[in-house]
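The values are calculated or read from the model by the stated rules, or taken from the named source; none is laboratory data. These numbers were taken from a predicted model, which means no experiment stands behind them. Positions of Cβ are backbone-derived with ideal geometry, glycine not excepted, and every protein chain shown enters the neighbour counts.
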Amino acid sequence: MSLQPVSPTPASAGAPRQTLRNWETDVVVRVEHLTMRFGGLVAVDNLSFDVGRGDITSLIGPNGAGKTTVFNCLTGFYKPTEGRMIMAHTPSAFANLEARTQEGRRYFADDGLYLLERMPDMEIAAIGKVARTFQNIRLFGGMTLLENLMVAQHNALIVASGYTFGGIFGLPSYRKGEREAIELAKYWLEKTNLIDRADDPAADLPYGDQRRLEIARAMCTRPKVLCLDEPAAGLNPKESSELNTLLRQIRDDEGISVLLIEHDMSVVMEISDHVVVLDYGRKISDGAPQDVRSDPKVIAAYLGVDDEEVDAVEAEVGQETAERGGGHVRVVDAEAAQTLKEISSRGVAKDPKGDGR
Amino acid sequence: MAALNAAPAAEENIVVASLKDAILAGVLALILFSIIVGLRTDAGAGGLQITTEWDRVLWMAAVTAVGRFLLNIFFWKRAGGPKGLSDVLPDFNRAGHVSRFLGPLMLGIAVTLPFIVMVLVPGQSRYYVDLGVLVLTYVMLGWGLNIVVGLAGLLDLGYVAFYAVGAYSYALLSQYFDLGFWVCLPLAGILAAFWGIILGFPVLRLRGDYLAIVTLAFGEIIRIVLLNWFELTNGPNGITQIPRPTFFGLDFTRDEGGFADFFGLEYAAIHRIIFLYYIILALALITNWVTLRLRKLPIGRAWEALREDEIACRSLGINTTNTKLSAFAIGAMFGGFAGAFFATRQGFISPESFTFLESAIILAIVVLGGLGSQMGVVFASLVMIGGFEMFRNLEEFRVLVFGLLMVLIMIWKPRGLVSTRNPTVFLKERKAVSADLVSQGEGH
Amino acid sequence: MEYFVQQLINGLTLGSIYGLIAIGYTMVYGIIGMINFAHGDIFMVGSFIAMILIVALGITAGAGFIVLILALMLVLLMAMLFTSAWGWTVERIAYRPLRGSFRLAPLITAIGMSIVLQNFVQIVQGARVKPLPPLVSGGYTIMDGNNFDVQISNIQILILVTTVVLMGVFTYIINKTALGRSLRACEQDRKMASLVGINVDRTISLTFVLGAALAAVAGFMYLLYYGVIDFYIGFIAGVKAFTAAVLGGIGSLPGAMLGGILIGLIETFWSGYFSVEYKDVAAFFILAAVLIFMPSGLLGKPEVEKV
C-alpha cells in the first residue's frame, strides 16, 4: 500500500521537486484504471489519478477528452466498464483497502472508505459525500432559490421530520431542523451573493447566478468533495473572478476538496493546486499547474499536433492547419496560437460551451 | 388548406380572406360529415338500412363555415385583434392570487351548502346536495391524483384502479366480514396504498409516457379481474346492498332508533344525503390539509424537485424510488378513501363504474385545474362535473360537450385554470411562481 | 399441433390489424412525442365509414368474385381518404394549437378528442352494434388432423396479403420518398428540420394523414373479419395497438408491426389455451414486463441517459 499516485507522470521541464505534493500524501479520491466504453467508443481509457484532500484539482483537456464521463463515473451516473474509484473520508481509509475491497461491500463507514464504482448515484451523494454540478445547469427551475437549497438538505430534513410522520403534526424537532436548514441555506446564499433573490424562482436568474446557485445547492448537501463541471462556462470576466474567490473560500474556509472540469485557463491556472490533463480518454499530464503548463504533451494536445512538431509550432506560430478530431492538423490562427503557446498566463476561455462528452 | 394557416392579413381585405377560409372550412366539414352523418345506418329487417340525412350535413357545414367566418372576421384575422382564446376569455390566474380570500369563502359556501340549498330551492334540494356530493367526490379524487401528477410529475392514467380497490375493499369487507363503513374506510385507504406500492414498485422507474401506459394497463387489468372473478366480485352484476354509513351507530332509516327518531326529527330521506355530503366534505378537506402539509415537508419538496429534474435529485442524494413510491401510495390511499365513500353512497358497485373514462376525467380535472394547484382542482371539478350536470337537458350530447370542453379549455389555457405555484418556504416574501417556469415532469 | 397452427393463423390475422393501428401511434409518437389517444377512435371512424359505404353501395357476398374484390377496393380507398381527412382535422383542431406547449396539454386534448369522436359517432350512427353479413366467405383446409382441421379463410388471406402489401408500400414511402425523408428528419430533430427548409407543420399533418389511412385499413379489415362493429371498438383496440407500438419499440415502424403481431399472438394463444376472459390481462402483463426489463422495446433504440 503506497500513497504514490498509481501512474505518476513526471512533471517534465519543471523545477526539480523538493517536497511531496498534497495529492501524493493525502488522497481524498483515487481513480484507478478507470475505463468507460460506450459501444465501440472508448471515452475513458485506463485513467488513474489522485485528488488531494483540501486541494482544488482541475481536470482539463480538449473537447471530447472524456472529462465529463469521468465525472459521471465518479458520481455514479455511469457505471464504469472497468476500474476502481475510492473516496476516503479520512487519511486512514486506505489502510485496509485491498482487504476491504475483497469483502464485496459498497462502503465502510467506520473506515471512511467508499468504493464509488459500486455505489448508486444517490448513495454517492448521500453517504459518499460527493456533490456535483452539471455542465448544462440542472436547477429546479420552478422552485425558489431557497427551496432549491432546502431540497439539497433533504436527507437531513427527512430524518428531522421523523420520516414525514413527525413533520405532518408539526413536531418541534422538525421545526428546529427546518430552521437550521434555512440558516445553512442563507449562509450559502450570502456566500454566493444571491441572498436578495432568495424568494425568486431559480429559472428567473441570469446564467451566471444560476451557476453559482448550483454550487450553493451542492454545498448544502455538506459534501466532502465538490465536483464542478465547467463552472465558469458562459461567465463574464467579473463573474469568473468572483467564482475564483468562491472556490478558494470553499477550499480554505470550508476545507472541502474541489474537483473541477474547466476550459477557462485563467480559472484553472489561477486557483488549481493540481491539474490533470486528459486527451482522448487518456491522461497525458498530471502535476502542479506550472508543470503542466509547460508539458509539451499538453501543448500538443491543445494545438493538435504531433509531439515532434510542438517545437516547430511554438517556433513559428502557425497559419496552416485543420480541425480537431480529424487528425493532428488544424487551422490555428495567429492569435489562437499565440494564446495557446503561453497556455496559461493570459488565459482564454476556450470554447465555453464545449462538451467533454 | 393554405388559407387555414394564413397569418393575420394586414393589407388584404380581411372579409375576402375570412370568406375564403370559411368556405374551405365548410367544404372540409362537408367532406368529413358527408358519409358518417349523411348516411345513417340502422339495423332493419334485412340487415342494416340506410337513411339519408343530407340536411344535417348541410346544416353542420353551414354552421362550421359561418362560425369560422365570424371568428375570423372578429378575432383571428383582425389586425391587433386577439390571437387566441386566451386573449378573449377572462384570466383565471387572478383567482390564484386572491385565493387567500377565495379559499375561506368557498369553504364557507361548501360547509353551509345543504342549508343554503334547502332555503333557496327547497323543492330540488335533494338534487343539489347530491350534485354537491358528486362534485366533492371528484374534488377529492382530483386532490389525490394531484399529489401524483401535479406534485411528483408522475403521469398516472390508471388512477381509477385505486378508486376501485377502495370501493371493492369496503364492499367485500362488509359483505364477507360484516364490517361497517367507519371501520372499512381506513382499511380501504390502506389497501389502496398497499396496491399502489405493489403496482408502483416495478413501474416507477419507467419514463413518463411508459409509466402512463403501464398505469393505464394496470387500471384495465384491475377492472377486467373485477369483471371476471365471479366467485368474489359477482362479476358484471356487481355487489349490491352495501351498508350505508351510520351516524355514531344511528342508521338513517325510518325505524325506531334511527337518526330521525333519536333526534326527534321527522324522517326525511335528505338527512342521509346531507350526512353523506358532510362525510365527503370532511374527507376532501382532510385530503387537502394533508397535501398542503406534505408540500411543506421535505417529502413534498422532494416530489416537486423530482418533477423539476430527477437527475439533479439523484445528484443531491435523494432516494428517487422511495420518493416516487410515497407519492404513488399516498395518492392511491386518498383514491381508496374516495372509493369506499363511493361504495357506501351508491350502495351498489360494479366494474362499470371504474372504466378508463373515469381516470381520464380525474386526470382532466387535475390538468385543467392547473397541475399542483389545489384551488384549480376545485374550479375544474365545478366546471367539468357541475357543467356536465348543467347540460343535463342535452342528454346524449352531454358527453360530447364534455369532450369538447376538455379540448377547448386546454387550448385556451394549456397550463390549466390556476397556473401559479406557491413556494413552500420563503425568507422575506412569498412570491407566486409563474407556471411557465414550472416543469410538468418529463419523467426521465 | 393442428390447434397450435390454427391459433397461429388467427393470431397473425389479429396481429396484422393491431400492427396497422400501431404504426399510427408510433409515427405520431416518433415525430411529436405524444400519445395520440384519439387514434383508436380514428380507427373506429374508419371502420364505420367502410361499413356505411358497404351498405350504401349495396355490396353483398352474392356479387361475383371480381366485382366483389373491386367494390371492396373502392370502399377501402374511399374509407382511407375520408378517414385521413378526419385524422388531419383532429390534428389541426386539437394538437396544432398546442405545438410546443406543455407536455400534458396535448395528452388531455387527445383524450378529449377521443371522447368527442366516440360520442359523435354514437349520436349520428346510433349506439347499437352494426352487424354486417359476411362478404368474403370460404377458405382452405391446409392441414388435416385426426379430429381437427386447420383452416385459413379467404378473409384471413385477404388481411394478411393486404398487410404485407401495405407494409411494403409504406416502407417504400418512408425510406425512398421525399416525404419519408422529411418525416425522418422531423423525427430526429424538428427544429433542425425546419432550419433546413422542411415544412414541419405539413410533415406532421401528413404523419396524421398516413396514420389515419392505415387505421382506416385496419378498421376495414376489422369490419370484414368480425362482421360487427360499434362506436366503442376504438378504445380497446387503441390501447392494444399502443401496447404493440411500445412493445416493438416506440418510434420504430417495423417494431410496431412486430409488436402488433406479438400482441395478436399472445391474445389468441392465451384465449386458445387458457381463458378468453383474461386475454387482455395477458397482453397488458407482457407489456409491463417488456417495459420493465427492456425499456426501449424489442426494436427500439436503447437510450443512454443524458446527464
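What the table below lists for this structure:
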quantity: Qualifying residue in segment A:198-208 (condition: more than 10 Å from chain B (Cβ to nearest Cβ) and under 20 Å from B:Glu304 (Cα atoms)); calculated: yes
quantity: Residue match in segment B:176-198 (condition: of a type in the set (Ser, Thr, Tyr), crowded, with 22+ Cβ neighbours inside 10 Å and more than 9 Å from chain C (Cβ to nearest Cβ)); calculated: no
quantity: Conditions (1) closer than 26 Å to B:Ala432 by Cβ; (2) assigned to a loop (DSSP other than H, G, I, E, B): number failed by A:Gly167; calculated: (2)
quantity: Filter pass, A:Arg212 being more than 14 Å from chain B (Cβ to nearest Cβ), surrounded by fewer than 17 Cβ atoms within 10 Å (Cβ to Cβ), in contact (Cβ under 8 Å) with a residue 24 or more places away in the chain and within 16 Å of the chain's Cα centre (by Cα); calculated: no
quantity: C:Thr89, sole failed condition from (1) more than 7 Å from every other protein chain (Cβ to nearest Cβ); (2) farther than 14 Å from B:Met406 by Cα; (3) not small (Gly, Ala, Ser); calculated: (1)
quantity: A:Thr19 vs. criteria at pLDDT below 85, over 22 Å from the mean Cα position of the chain (by Cα), surrounded by fewer than 18 Cβ atoms within 10 Å (Cβ to Cβ) and hydroxyl-bearing (Ser, Thr, Tyr); calculated: yes
quantity: Tabulated pairs, segment C:33-53, first on the phi < 0 side of the Ramachandran plot and of a type in the set (Ser, Thr, Tyr), second assigned to a helix (DSSP H, G or I) and surrounded by fewer than 24 Cβ atoms within 10 Å (Cβ to Cβ), C-beta under 7 angstrom, 6+ apart or interchain; calculated: C:Ser47/C:Ile233
quantity: Selected residue (only one of C:Val161, C:Val129, C:Val150, C:Val200 is free of Cβ contacts under 8 Å to residues at least 12 places away in the same chain and aliphatic (A, V, I, L, M)); calculated: C:Val161
quantity: Odd one out for A:Asp200, checked against (1) assigned by TED's automatic domain parsing to the domain that holds A:Ala88; (2) in contact (Cβ under 8 Å) with a residue 12 or more places away in the chain; (3) surrounded by fewer than 22 Cβ atoms within 10 Å (Cβ to Cβ); calculated: (1)
quantity: Single residue of C:Ile52, C:Ile42 found to be at pLDDT 90 or above, within 30 Å of B:Ala360 (Cβ to Cβ) and under 14 Å from the mean Cα position of the chain (by Cα); calculated: C:Ile42
quantity: Spans of helices (runs of 4 or more DSSP H) in segment A:58-136 with at least 1 residues more than 16 Å from the chain's Cα centre (by Cα) and within 14 Å of chain B (Cβ to nearest Cβ); calculated: A:121-126
quantity: C:Ile69 farther than 23 Å from C:Val116 by Cβ and out of contact with any Gly (no Cβ under 6 Å at 6 or more places or on another chain); calculated: yes
quantity: Selected residue (criterion: surrounded by the fewest Cβ atoms within 10 Å (Cβ to Cβ)) from residues of segment B:343-380 that are of a type in the set (S, T, N, Q) and touching a Ser or Thr at 6+ places or on another chain (Cβ under 9 Å); calculated: B:Gln346
quantity: Only one of A:Val42, A:Val29 that is closer than 19 Å to A:Leu260 by Cβ and in contact (Cβ under 8 Å) with a residue 12 or more places away in the chain; calculated: A:Val29
quantity: Identity of the residue in segment B:394-441, buried (at least 17 other Cβ atoms within 10 Å of the Cβ) and aromatic (Phe, Trp, Tyr), that ends up farthest from the other protein chains (Cβ to nearest Cβ); calculated: B:Trp412
quantity: Residue, modelled with the lowest pLDDT, within segment A:78-100, restricted to residues that are polar (S, T, N, Q) and within 25 Å of A:Arg132 (Cα to Cα); calculated: A:Ser92
quantity: Count of segment C:24-34 residues which are within 11 Å of chain B (Cβ to nearest Cβ) and buried (at least 24 other Cβ atoms within 10 Å of the Cβ); calculated: 1
quantity: Within segment C:92-133, tally of residues that are small (Gly, Ala, Ser) and more than 7 Å from every other protein chain (Cβ to nearest Cβ); calculated: 4
quantity: Residue match in segment C:53-68 (condition: buried (at least 21 other Cβ atoms within 10 Å of the Cβ) and either in contact with a Leu (Cβ under 8 Å, 6 or more places away or on another chain) or farther than 17 Å from C:Tyr232 by Cβ (or both)); calculated: yes
quantity: Residue list for segment C:249-265, restricted to those being under 23 Å from C:Gly180 (Cβ atoms) and within 13 Å of chain B (Cβ to nearest Cβ); calculated: C:Gly249, C:Ile250, C:Gly251, C:Gly259
quantity: Residues satisfying the stated conditions in segment A:194-229, i.e. of a type in the set (Gly, Ala, Ser) and either at pLDDT 90 or above or part of a helix (DSSP H, G or I) (or both); calculated: A:Ala202, A:Ala203, A:Gly208, A:Ala216, A:Ala218
quantity: Subset of segment A:137-148 that is closer than 17 Å to B:Arg421 by Cβ and touching a residue at least 60 places away in the same chain (Cβ under 8 Å) - its residue that is surrounded by the fewest Cβ atoms within 10 Å (Cβ to Cβ); calculated: A:Gly141
quantity: Verdict on A:Gln153 being in contact with a strand residue (DSSP E or B) (Cβ under 7 Å, 6 or more places away or on another chain) and not assigned by TED's automatic domain parsing to the domain that holds A:Asp26; calculated: no
quantity: Those helices (runs of 4 or more DSSP H) lying entirely in segment B:304-370 with at least 1 residues within 14 Å of chain A (Cβ to nearest Cβ) and within 30 Å of A:Pro201 (Cα to Cα); calculated: B:310-315, B:320-346
